[in-house]
1. Can you name the residue in the stretch 154-165 that is assigned to a strand (DSSP E or B) and not hydrophobic (A, V, I, L, M, F, W, C) and is also nearest to Ile34 (Cα to Cα) among such residues?
2. I'm checking my understanding of the structure. Among residues of the stretch 166-213 that are β-branched (Val, Ile, Thr) and part of a strand (DSSP E or B), which one is farthest from the chain's Cα centre (by Cα)?
3. Residue by residue through the stretch 64-81, note down the ones that are under 17 Å from Ile213 (Cβ atoms) and either modelled with pLDDT under 90 or not in a strand (DSSP E or B) (or both).
4. Pairs only if they're at least six apart or on different chains, beta carbon under 7 angstrom, first in the stretch 23-39 and of a type in the set (Asp, Glu), second surrounded by fewer than 17 Cβ atoms within 10 Å (Cβ to Cβ); list them, first residue then second.
5. It is to be established whether one or more residues within the stretch 108-123 are free of Cβ contacts under 8 Å to residues at least 40 places away in the same chain, surrounded by 12 or more Cβ atoms within 10 Å (Cβ to Cβ) and either within 15 Å of Thr200 (Cα to Cα) or polar (S, T, N, Q) (or both).
6. Output the residue which, of all residues in the stretch 128-151 that are β-branched (Val, Ile, Thr) and more than 20 Å from the chain's Cα centre (by Cα), is farthest from Leu107 (Cα to Cα).
7. I need every pair where a residue in the stretch 69-82 that is over 30 Å from Asn25 (Cα atoms) has its Cβ under 8 Å from the Cβ of a residue that is among the basic types (Lys, Arg) and assigned to a strand (DSSP E or B), sequence separation at least 6 or different chains.
8. Give the residue, chosen from Leu84, Leu37, that is farther than 22 Å from Ala125 by Cβ, over 25 Å from the mean Cα position of the chain (by Cα) and modelled with pLDDT of 70 or more.
Amino acid sequence: MKRIAFLILTSFCCLMIFGQNPKTNLGLEFTPTITSLAVKPLSGNYDPRISFSTGLNIERFLNSQISLKAGLNYERKGSRGEFLFIDEFGNLVGTREMKINSDYLTLPVMISSYTKGKTRFYMNAGPFLGFLIRNKALYSAIGDHPEQTIDITENMKRIDLGFSIGFGLYIPIGDVLLLDLGIRDNMGLFNTSKEGSVKTNSYGFQLGLKYSI
C-alpha cells in the first residue's frame with residue numbers, strides 16, 4: 001500500500017513538472033537587508049543593523065500566473081547594541097558596541113501570483129527553514145581593551161522556522177533574461193535561543209537575475 005501511494009505521489013509530481021506549460025526560471029539574487037532580533041527578557045538595547053542575503057533559486061510555473069519557487073540562501077541575521085562596560089575592578093569604562101552575526105543557510109518555499117503582460121507585478125508568500133552555521137558576538141575596542149569576537153553558536157538552536165512575504169516586478173531584459181526587483185520580509189516565528197527567547201527578522205530590497213528555460 002505504501003509503495004502504491006509513493007508511486008501515485010511520484011507520478012503526480014512528474015505530471016506537475018513535465019506537464020503542459022513547462023516554464024522554469026533559474027535565478028541568482030542578492031538582497032541588502034535590515035535585520036533585527038526580538039530578545040526576551042531584554043538585557044541592553046538591541047537595534048536593527050544593515051546586513052545581506054544571497055543565493056540561488058528555481059521557479060516552476062504551474063500555469064501562466066501561478067508559480068512555486070524554492071531556493072538556497074546564505075543569510076546573515078543579527079542586531080547591534082550598546083552596553084555599559086565595567087572592567088575587572090568594577091570601574092565603569094564607557095559604552096561598548098556589540099554586533100551579533102547569525103549566519104544561516106535558509107530554504108524558502110514561495111507561492112507567487114503574477115499579473116499578465118511583459119512586465120509583471122507579483123506577490124508571494126511561504127515558509128522558510130533556516131540552519132544556523134555560526135553565531136558570533138563582535139565587541140568594539142574600548143580603553144585598553146581591544147576588539148573581541150566570541151563564538152556563541154552553542155547558545156543558539158540550530159533550526160529557525162518562519163514565514164516570508166513579499167512583492168515585486170519581473171522586467172524582461174532579453175529573450176530569456178528577467179530582472180527581478182522586489183521587497184521581502186522574513187519573519188522568524190520560533191525561539192532560536194537556548195537561553196531566554198530570541199526571534200529573527202529581516203527585510204530588504206531584492207535584486208535578482210532570472211534565466212528562463
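1. Ser164
2. Of all residues in the stretch 166-213, those β-branched (Val, Ile, Thr) come to 171, 173, 176, 183, 192, 198, 200, 213.
In the following step, the residues that additionally are part of a strand (DSSP E or B) were identified as 171, 183, 198, 200.
Values: Ile171: 23, Ile183: 12, Val198: 16, Thr200: 10 Å.
Filtering the stretch 166-213 for residues that are β-branched (Val, Ile, Thr) and part of a strand (DSSP E or B), the one farthest from the chain's Cα centre (by Cα) comes out as Ile171.
3. If the condition is that a residue be under 17 Å from Ile213 (Cβ atoms) and either modelled with pLDDT under 90 or not in a strand (DSSP E or B) (or both), then Ser64 is the only one that fits.
4. These pairs meet every condition: Glu29/Thr54; Glu29/Leu207.
5. Checked against the condition, which is being free of Cβ contacts under 8 Å to residues at least 40 places away in the same chain, surrounded by 12 or more Cβ atoms within 10 Å (Cβ to Cβ) and either within 15 Å of Thr200 (Cα to Cα) or polar (S, T, N, Q) (or both), the stretch 108-123 yields no hits at all.
6. Going through the qualifying residues, I end up with Ile142.
7. The qualifying pairs are Gly78/Arg49; Gly78/Lys99; Ser79/Arg49; Ser79/Lys99; Arg80/Arg49; Arg80/Lys99; Glu82/Arg96.
8. Details: Leu37 fails: over 25 Å from the mean Cα position of the chain (by Cα).
None of the other options fit; the residue is Leu84.
The values are calculated or read from the model by the stated rules, or taken from the named source; none is laboratory data. Please read these numbers as outputs of a predicted model, since none were measured by experiment. Ideal geometry is used to build each Cβ from the backbone, glycine not excepted, and the neighbour counts take in all protein chains shown.
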